[in-house]
1. So which strands (runs of 3 or more DSSP E) are wholly in segment 1-118 and hold at least 1 residues that are over 22 Å from Val141 (Cβ atoms), at pLDDT 95 or above and touching a Lys or Arg at 6+ places or on another chain (Cβ under 8 Å)?
2. Give Val22, Val11, Val47, Val30 a once-over and let me know the one that is over 16 Å from Ala116 (Cβ atoms) and crowded, with 17+ Cβ neighbours inside 10 Å.
3. Output the residues belonging to segment 71-87 that are within 10 Å of Ile113 (Cα to Cα) and either touching a Gly at 6+ places or on another chain (Cβ under 6 Å) or of a type in the set (Lys, Arg) (or both).
4. Quick check, is Arg131 of a type in the set (D, E, K, R) and under 13 Å from the mean Cα position of the chain (by Cα)?
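The values are calculated or read from the model by the stated rules, or taken from the named source; none is laboratory data. Keep in mind that what you see is a predicted model, and the values were worked out from it rather than measured. So basically every Cβ, Gly included, is an ideal-geometry build from the backbone, and we count neighbours across all protein chains shown.
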Amino acid sequence: MQGGSTAARTVLDGSGLRIGIVRARFNETVTQALEQACRAALQDMGVTAQDIHTVTVPGALEVPLALQGMAESACFDALVALGCIIRGETYHFELVANESGAGVTRVGLDHHIPIANAILTVEDAQQAQARQVEKGRDAAVVAVEMARLLQSLALLPDGGDAGADRAPSGTPRP
């Protein structure tokens, strides 16, 4: 994994998880490869093909709305955003990259659902092709890891709200 953690990865168990994928069709060769790598990694971790649901949207700016629809359905344990934004000669690249990224983050926070963001932002097609398999697989790992994390936090005393009435130092709030 380029630039990633060199720590040993924990083996993740995705069995029983339901994963939703939103894939942008713009730069479709790359986004299809992202999806194939993501699906393969999910299945390697035990997520069944029947528990992986994919929808496609025209481009990266439409990804957050589709993610929101999936989150509102309450049918998924985690979501994955797949897309590819290649820099051009105008400001449009920055606009699409910033707005799609902010939208993905907002949906996850608003709906309390993990979203693995694998919308690539690259300088050229060669960079996209060099990253498409690795980033697709990484997105699968993030989705499973974060779904399991949120499940474990929900098992804490008080449903994960333990300490909510305490200040950061651990002392009771006034």
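1. By residue number, 52-57.
2. Val30
3. Within segment 71-87, Phe76, Leu79 qualify.
4. So Arg131 does not fit the description; no.
Residues are listed down the side, and each one gets a yes or a no for (1) over 15 Å from Glu35 (Cα atoms); (2) free of Cβ contacts under 8 Å to residues at least 24 places away in the same chain:
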position	(1), (2)
Phe93	yes, no
Val96	yes, no
Gly101	yes, yes
Asn117	no, no
Ala128	no, no
Val133	no, no
Gly136	no, no
